[in-house]
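S.K.: Shown below is the structure under consideration.
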Amino acid sequence: QAKLDGKDRYVVYSSHSLENMMEEFRLEADLREALEKNEFVLHYQPQINNTTGEVVGVEALIRWQHPEFGLISPGSFIHLAEKNGLITRIGEWVIEEACRQNKKWQEAGGRPVKVSVNMSTQQFLTKNTITLVQDVLERTGLAPEYLVLEVTEYMAMEYDSSFLVLEKLREIGVGISIDDFGTGYSSLNYLKQFRIDYIKIDKSFVNEILHDENDAIIVNAIISLAHNLGMQVIAEGVETSEQLDFLIRQNCDVTQGFYFSKPLTADDIEKSYIRPQAPQEGN
Ligand code: C2E
Ligand code: MG
Ligand code: MG
Ligand code: MG
């Protein structure tokens, strides 16, 4: 059964009852029309530099504004889109929308930030990612250093073709980030083969860093490893100031999490993080 997750009204599926299966069929059917009906929207979560306290990037996170079910989180439909192949077109829309939005913020004189976009495995490997990225950058006019693609360890290591894709992306000048680092398939081999800019420590490690000594040790080791290989570290899912303090002591570079902000609409992120501060009047 769909449950409404707090005030955000996300539809979240928790079990696999028959009712859920019916809803999945329904969602899958509706998903086919969602692009044309313009029902997808990107929210953006700020990424804060731990040294300066300034926003350095935002991660674009897709939501589906369903006419009946309300705002649906990606956890409830990305797997369907991957199953039926729609993910490729949805992924194209996400990259284009994120770049267009970032360029728009820049043109309005906002603080320049990088926008990170999540890549699905299918999109990364089956479609011509290189051509897509080049076309989108050209169409939107966004400079390549303001786009970061988030891939998973699995994408980076599992396929021969990812080597060429990642090399070419490097030539174009977009950033590469490894999402959910340490949760998948961890081979460290790819780290020496590809230029990776950022490693994102998964929130499952961050959750327990203060209470689980093993998680603290792992986080510490990931940060040293990344720094020694010339990469920056972004911690995901930071919810408390204690977690942030711990991460800062470990020299973690960038923080993303509810402690600073939930993912926000483009307008809200612009207001709170990107638009230049108007000079204070009076005083
Ligand atoms: P992800 O890329 O690892 O994104 C981080 C997720 O953690 C987001 O969930 C975000 O809202 C959530 N999060 C951020 N800070 C906190 C925190 O402090 N505490 C907790 N508990 N959660 C936090 P969201 O937006 O539901 O996205 C879930 C996943 O869906 C993403 O994980 C990503 O794998 C996928 N996804 C999102 N947007 C896209 C997209 O445009 N394309 C593709 N292919 N996948 C996407
Ligand atoms: Mg991500
Ligand atoms: Mg992640
Ligand atoms: Mg992920």
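The values are calculated or read from the model by the stated rules, or taken from the named source; none is laboratory data. Keep in mind that this is a model prediction, so the values were computed, not measured. Using ideal geometry, Cβ is built from the backbone for each residue, glycine included, and neighbour counts are taken over all protein chains shown. Each accessible area value is taken on the protein alone, full model and side chains, heavy atoms only, with ligands, DNA and RNA left out. Shrake-Rupley method; radii C 1.70, N 1.55, O 1.52, S 1.80 Å.
S.K.: Among the residues of segment 22-39, is any out of contact with any helix residue (DSSP H, G or I) (no Cβ under 9 Å at 6 or more places or on another chain), touching a residue at least 24 places away in the same chain (Cβ under 8 Å) and among the polar types (S, T, N, Q)?
M.R.: No, because not a single residue in segment 22-39 is out of contact with any helix residue (DSSP H, G or I) (no Cβ under 9 Å at 6 or more places or on another chain), touching a residue at least 24 places away in the same chain (Cβ under 8 Å) and among the polar types (S, T, N, Q).
S.K.: Then there is this: Show the residue pairs meeting these rules: Cβ distance below 7 Å; 6+ apart or different chains; first residue within segment 231-254 and among the β-branched types (Val, Ile, Thr); second residue away from ligand 2 (no atom under 16 Å from the Cβ) and open to solvent by 40 Å² or more (accessible area, probe 1.4 Å).
M.R.: Pairs found: Val238/Tyr259; Thr240/Tyr259.
S.K.: Residues of segment 205-224 being free of Cβ contacts under 8 Å to residues at least 24 places away in the same chain, assigned to a helix (DSSP H, G or I) and open to solvent by less than 80 Å² (accessible area, probe 1.4 Å), which ones?
M.R.: Phe205, Asp215, Ala221, Ser224
S.K.: Answer yes if at least one residue in segment 172-189 is part of a helix (DSSP H, G or I) and either free of Cβ contacts under 8 Å to residues at least 12 places away in the same chain or open to solvent by less than 30 Å² (accessible area, probe 1.4 Å) (or both), and no otherwise.
M.R.: The first filter runs over segment 172-189 and keeps only residues part of a helix (DSSP H, G or I), leaving 172, 189.
If we keep only those that are either free of Cβ contacts under 8 Å to residues at least 12 places away in the same chain or open to solvent by less than 30 Å² (accessible area, probe 1.4 Å) (or both) as well, we get none.
Checking segment 172-189: not a single residue is part of a helix (DSSP H, G or I) and either free of Cβ contacts under 8 Å to residues at least 12 places away in the same chain or open to solvent by less than 30 Å² (accessible area, probe 1.4 Å) (or both).
S.K.: Right, here's the next one. Tell me which of these Lys3 doesn't satisfy, since it passes every other one: (1) at pLDDT below 95; (2) crowded, with 17+ Cβ neighbours inside 10 Å; (3) under 30 Å from Tyr259 (Cβ atoms); (4) of a type in the set (D, E, K, R).
M.R.: (2)
S.K.: Pick out, from segment 75-167, the helices (runs of 4 or more DSSP H) lying fully within it that include 2 or more residues that are away from ligand 3 (no atom under 16 Å from the Cβ), surrounded by 16 or more Cβ atoms within 10 Å (Cβ to Cβ) and of a type in the set (Ser, Thr, Tyr).
M.R.: 129-140
S.K.: I need the full set of residues from segment 52-63 which are open to solvent by 20 Å² or more (accessible area, probe 1.4 Å) and either in contact (Cβ under 8 Å) with a residue 24 or more places away in the chain or within 11 Å of ligand 1 (Cβ to nearest atom) (or both), in order please.
M.R.: Glu54, Val56, Leu61
S.K.: I would also like to ask the following. Taking the conditions exactly as written (within 16 Å of ligand 2 (Cβ to nearest atom) and at pLDDT 95 or above), does Ala266 satisfy them or not?
M.R.: Criteria not met by Ala266.
S.K.: Identify the single condition in (1) more than 21 Å from Lys114 (Cα to Cα); (2) over 16 Å from the mean Cα position of the chain (by Cα); (3) open to solvent by 50 Å² or more (accessible area, probe 1.4 Å) that Arg195 does not satisfy, given that it satisfies every other one.
M.R.: (1)
S.K.: Residues in segment 159-172: is at least one within 16 Å of ligand 1 (Cβ to nearest atom) and modelled with pLDDT under 95? Explain how you work it out, then say what you get.
M.R.: Going residue by residue through segment 159-172, those that are within 16 Å of ligand 1 (Cβ to nearest atom) are 162, 165.
Those still in the list that are modelled with pLDDT under 95 too: 162, 165.
Within segment 159-172, one or more residues are within 16 Å of ligand 1 (Cβ to nearest atom) and modelled with pLDDT under 95.
S.K.: I'd like the full set of residues that are in contact (Cβ under 8 Å) with a residue 40 or more places away in the chain and out of contact with any Leu (no Cβ under 8 Å at 6 or more places or on another chain), limited to segment 111-123.
M.R.: Residues satisfying the conditions are Arg111, Val113, Ser120, Gln122.
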